[in-house]
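**Student:** Following this message is one structure expressed as structure tokens.
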Amino acid sequence: MRPQRKNTRYCENPLPRVYNSTRVLTALTRLLGLDNAGKTTLLEKIKSIYLSHAPAPRQGAQPPTVGQNMSTIPLPSPLPPIYLKIWDIGGQESLRNLWTQYYTSSHAIVFVVDSTDKARIEECRDVLEIVVDAEDTEGIPILMLANKQDREESLEVEEIKEVFNKIAERLSARDSRVLPISALTGTGVKESVEWLVTRIMRNKEYRPPLMR
Ligand SMILES: Nc1nc2c(ncn2[C@@H]2O[C@H](COP(=O)(O)OP(=O)(O)OP(=O)(O)O)[C@@H](O)[C@H]2O)c(=O)[nH]1
Ligand SMILES: [Mg+2]
């Protein structure tokens, strides 16, 4: 008799069995933004909200991301029956030129801004401008998140909007939004996911989600 092989394949998020067979669509979302913006914390927070047993992120617990992290989030009803595959990509300057390779396969982009980092807000705008101007991001929803709103010194969302106004004009033809969040406490995170999935579905003729 042949020895039984152990399945050792690593699987970060085994998907719950309760999902019925009609749930077959997958949309790819990329979390972009400068280093220290809170992308990994946001991904961890989303996991803790939508996946059972995923722990909530703790302040300062995430080391800077050198490559990328990915999680698949099955969205609960009444949201559309879709899996959101979220990629958190390192934001250090040396890693940013790698972002372009992900644009064509993305159904939405989430650009995370550290609202407390006033010194780099212009850099942040310049980087977002490059993302928005890239040919392969044309027509896909872009969500800008003014993160770290739990911190007293953070810029208000209206102040962030002002900085990004110039870009917003160029985005007028497509779905975009600026929302205030705290990836740490979770304020605004569900609303952000809901905005994303609604816009991805609305855009499905232009960039159809994948069949699983
Ligand atoms: N107070 C507060 N701190 C936050 C929040 N989000 C992230 N942080 C902190 O900000 C720091 C950076 O967070 P990360 O999630 O590692 O940032 P990142 O965007 O993934 O950074 P890179 O991987 O270098 O691109 C950590 O100390 C987090 O705990 C937030 O909403 N509020
Ligand atoms: Mg990170």
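Since every read-out is calculated from the coordinates, none of them should be taken as a lab result. Model, not experiment: these values are computed from the prediction. Using ideal geometry, Cβ is built from the backbone for each residue, glycine included, and neighbour counts are taken over all protein chains shown.
**Student:** Which aspartates and glutamates does K118 reach when only Cα atoms under 18 Å apart count, and residues fewer than 8 places away in its own chain are ignored?
**Tutor:** Partners found: D35, E93, D126, E129, D150, E152, E153, E156, E158, E159, E162.
**Student:** For the chain, set up a Gaussian network in which alpha carbons nearer than 10 Å are linked by springs, and say which option among P74, P64, P141 fluctuates the most.
**Tutor:** Highest fluctuation of the listed residues: P64.
**Student:** Based only on other Cβ atoms within 10 Å, what is the fewest-to-most ordering of D133, D35?
**Tutor:** D133, D35
**Student:** Also, I was wondering about something else. Name the trypsin sites (Lys or Arg not before Pro) in region 93-161 that are in a loop by DSSP and that have at most 15 other C-beta atoms within 10 Å, would you?
**Tutor:** Answer in residue order: R151.
**Student:** Tell me the relative contact order for the chain as a rounded percent, counting alpha carbon contacts under 8 Å between residues six or more apart.
**Tutor:** 25
**Student:** Still on this model: Testing the spin-label approximation: label points 7 Å from Cα along Cα→Cβ at E122 and Q59. State their distance in nm.
**Tutor:** Taking the simple label geometry, E122 and Q59 are separated by 3.0 nm.
**Student:** Could you sort 108-115, 152-159 so that the peptide with the highest average Cβ count within 10 Å comes first and the rest follow in order?
**Tutor:** 108-115, 152-159
**Student:** Run down the lysines and flag those whose C-alpha is under 28 Å from the C-alpha of K85, throwing out any fewer than 8 positions away in its chain.
**Tutor:** Within reach: K6, K39, K45, K47, K148, K161, K190, K204.
**Student:** Can you tell me the length gained on complete extension of the stretch K190 to L210, counting 0.36 nm per residue apart and subtracting the Cα distance? Spell out each step's value before the answer.
**Tutor:** On the way: separation 20, 0.36 × 20 = 7.20 nm, distance 2.27 nm.
That works out to 4.9 nm of additional length.
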